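What follows draws every value from the coordinates through simple rules; no lab data is involved. Only a predicted model underlies this, so the values are computations on that prediction, with no experimental measurement involved. When we count neighbours, we look across all protein chains shown, and the Cβ atoms used for this are built from the backbone with ideal geometry, even at glycine.
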Amino acid sequence: MKISIRSFPIWFGIFPIMAALQIDILSSIGEIFRWILMFVAACGALIWRPKHNLEFLKNYWALFILIIISLSAVWSINPSQSIYKLISIILLYMACFGGMRHWINIYGIELFLSQISIFISLVILLNFLLGLFVYQSSWLMGSFRGFFVNPNQIALLAGFISPLILRQYIVTSSIFYIVIFFTIILTLFLSNGRTGIIMTFFSCVLLLISYRSQVRSISTFLLLFIFPIIIILFYQWFYGIYEGIINTENLLSNRQIAWDILKYKIQDRPLFGHGFGTDAGVWKYYEIDLGFRMHGAASSYYGLAYQLGIPFTIFFFTILAFIAIKALFIGISKNNNYFILISIIIMNGFLASFTEPWISSAGNAYSWFYWIFVMLAIYGKNIDSIKNKPN
């Protein structure tokens, strides 16, 4: 398999997404190659040595986080799992903060945004069309998932990419991105992805405000965003009331049950937690039968507190919030919409963390995407294509 360096971001992202699919052969390939490509990108961080490229080794808050994660293996309830997860996080960090930073230094931010937009757009479009009209296992308990294992996976992927797709339309005026944006709206509608809808609403409103001088007219604004979002929010509100009346064990209440139990488990080890990477097996470890299907902590906040303790969780999300807010202020003060887009995508991660335990996982369908933008928020001021071309 010949891999072009110029198209590396696509290869870097395609395999984590493949690993999240229902189709066994594709999932197996993705499961293996996502780590191979991450290893290649991580090695690139050490092999390519232009100016600034090794600065990620001097990122003290990141190194402190990695040290805490490493030490957690000492008191972990599953040391081997903690070590395995530690290795995956180190690879992700080196790949995003070293290898991908160097790639963007060479090829520029616009090529990166264009490649990622087109790639994920095609994933969402194919998943929607083939899942709706061809694939027979596209629904799970009344929610659309297409080729993905879980409806929440496609909903979160759509939520993360939505501001970027809207930005690409504003900048390029391409009809392709209008089609993709409405496909995202329909996907969120059919998947009952409440978190993805909130992410889309929040991020796209902020993006439209920041790009207001480039939005052609109020009719474009309404056509692209407000009208379909209002319809979907109304549907979700009505559906939630109806579901709550006829079924007290809906998705949100299931999560609440799990969170109530986790609170007590977190209180057992509130300072240092149970070890990194142990949240996925929490129910099996304590032999708790919830009576319904639930993956891990069902929240990045509860999940991280369970793994590494309450103080670390507060520290981690405080640092992440500081990075997002700093990028937002840079974007506003320097009239640089790149930094505003970067900040919006980082803030989206806070919303996704309420209902999904994704943020401590290195190999899922959106971590690679998210942490590249965190890297851009930190080092963007040293990347010529970002600091010199506000767009």
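What to note about this one:
- Lys-Lys pairs in region 255-391 that are eight or more residues apart or on separate chains and whose Cα atoms lie under 21 Å of each other come to 10.
- Cut-off 12 Å, label 7 Å out along Cα→Cβ of Ile25, residues of region 120-161 by amide N: none
- Other residues whose C-beta falls under 14 angstrom from the C-beta of Arg269 contribute a net charge of 0, scoring Lys and Arg +1 and Asp and Glu -1.
- Residue exposure proxy: Met199, Met294, Met38, Met347, ordered by other Cβ atoms within 10 angstrom of their Cβ from fewest to most, comes out as Met294, Met347, Met38, Met199.
- With the simple spin-label model, which puts each label point 7 Å out from Cα in the Cβ direction, the Tyr286 to Phe133 separation comes to 4.7 nm.
- For Leu341, Leu66, Leu271, the sequence from fewest to most other C-beta atoms within 10 Å is Leu271, Leu66, Leu341.
- FRET efficiency estimate (nearest 0.05) - Cβ-Cβ, Phe322 to Val74, R0 22 angstrom: 0.15
- Exposure proxy order (Cβ contacts within 10 Å, fewest to most) of Lys85, Lys284: Lys284, Lys85
- Under 15 Å, Cβ to Cβ, from Leu71 - net charge with Lys/Arg +1 and Asp/Glu -1: +2
- Region 253-312 shape via C-alpha gyration tensor axes, a/c threshold 1.5: prolate
- Here the label points at Asn382 and Arg6, each 7 Å from Cα along the C-beta direction, are separated by 2.8 nm in the simple model.
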